[in-house]
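The values are calculated or read from the model by the stated rules, or taken from the named source; none is laboratory data. What you see is a predicted model; the values in this text were computed from it and never measured. Reconstructed Cβ throughout: ideal geometry from the backbone, glycine too, with neighbour counts over all protein chains shown. Accessible surface areas use protein heavy atoms only, side chains included; no ligands, DNA or RNA. Shrake-Rupley method; radii C 1.70, N 1.55, O 1.52, S 1.80 Å.
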Amino acid sequence: METHGISFRIQITVKELLDTDVLLKLLFHLPVSYPSAVPDISVNSDQLTRAQCMDVKDKLLEQAKKHLSEPMVHDLILWIQQHLKDVIKQSATVCSEKTTSSKGTSAEDGIWMLLLHLDHMRAKAKYVKTVEKWASDLRLTGRLMFMAKIILILLQGDRSSIKDYLILQKTCKVDVDSSGKKCKEKMMSVLCETEVQSQHKRFQTFEVKEYSTLKELQKEFETAGLKTLFSEFVPPLLK
């Protein structure tokens, strides 16, 4: 990689993406041979997952190759302002294995666990499919659990993947409202987010399970060494 050349940062706001403004922080490094060579680009945004930022970067580099031998930075900025919504939509639907496998796991972060409570699922089949896909893309294991009116999502995995999952859960339209219109999850609560301890058993897969009694649900937690987690957070949901 060339160290000479020029680097500059640009911040742009893309309006009304997923009903929220997205602030993109772009860093361009123009090599000495620019514009005969494409610039190095890095993409950051607090509103997007790392996987989505990687997809934005890949798309920008694809566009850059179409503009070789002509100044291109301004065109690239205009292009991403117009197409960010499409890139993110594609990122949410295409299984992006490269983003999960390339970053690997961070040893110092350890394995983390997340317990979420959902109030309801109107479009249950679609919602379940979406959760399964996110868990698969982010290499998270655990359970999506239904017991009477209780809906719980228990996830284990790399801490950064857990954070990425939370962003997806909060920002993507995963359900429908009472009029059948797509909507985001507004009634989710994070019951617990903690590092997995030695007494906790690791889930090997992500499974969707239904339980007919509270005792069955309790047994699932106890088998995973999560008796305390169950007694602290689940019974209060029945009140």
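Select from the stretch 40-58 the residues that are in contact (Cβ under 8 Å) with a residue 60 or more places away in the chain and not charged (D, E, K, R) and write down the one among them that is nearest to THR13 (Cα to Cα).
Looking at the filtered set, the residue picked out is GLN47.
With respect to ASP55, is the statement that it is under 24 Å from ILE162 (Cβ atoms) and modelled with pLDDT of 80 or more true? Let's see the steps before the verdict.
Working: under 24 Å from ILE162 (Cβ atoms): yes; modelled with pLDDT of 80 or more: yes.
In short, yes.
Give me the pairs: first residue in the stretch 176-195 and touching a residue at least 60 places away in the same chain (Cβ under 8 Å), second residue assigned to a loop (DSSP other than H, G, I, E, B) and among the acidic types (Asp, Glu), beta-carbon distance under 6 Å, and six or more apart or on different chains, which are they?
MET187/ASP119
Take the residues of the stretch 152-162 that are touching a Lys or Arg at 6+ places or on another chain (Cβ under 9 Å) and not acidic (Asp, Glu): which is farthest from GLU210 (Cα to Cα)?
The qualifying residue farthest from GLU210 (Cα to Cα) is SER160.
Please note which strands (runs of 3 or more DSSP E) are completely contained in the stretch 140-239 and include at least 1 residues that are open to solvent by 40 Å² or more (accessible area, probe 1.4 Å). Working first, answer last.
On the way: elements: 141-147, 150-158, 173-176, 182-184, 188-195, 206-211.
In the stretch 140-239, 173-176, 182-184, 188-195, 206-211 are the strands (runs of 3 or more DSSP E) which contain 1 or more residues that are open to solvent by 40 Å² or more (accessible area, probe 1.4 Å).
In the stretch 24-43, which residue that is in a loop (DSSP other than H, G, I, E, B) and not aromatic (Phe, Trp, Tyr) is least open to solvent (accessible area, probe 1.4 Å)?
Initial filter on the stretch 24-43 (in a loop (DSSP other than H, G, I, E, B)): 31-39.
When the remaining residues are screened for being not aromatic (Phe, Trp, Tyr), the result is 31-33, 35-39.
Working: PRO31: 17, VAL32: 101, SER33: 49, PRO35: 33, SER36: 86, ALA37: 28, VAL38: 45, PRO39: 1 Å².
By that ranking, first place goes to PRO39.
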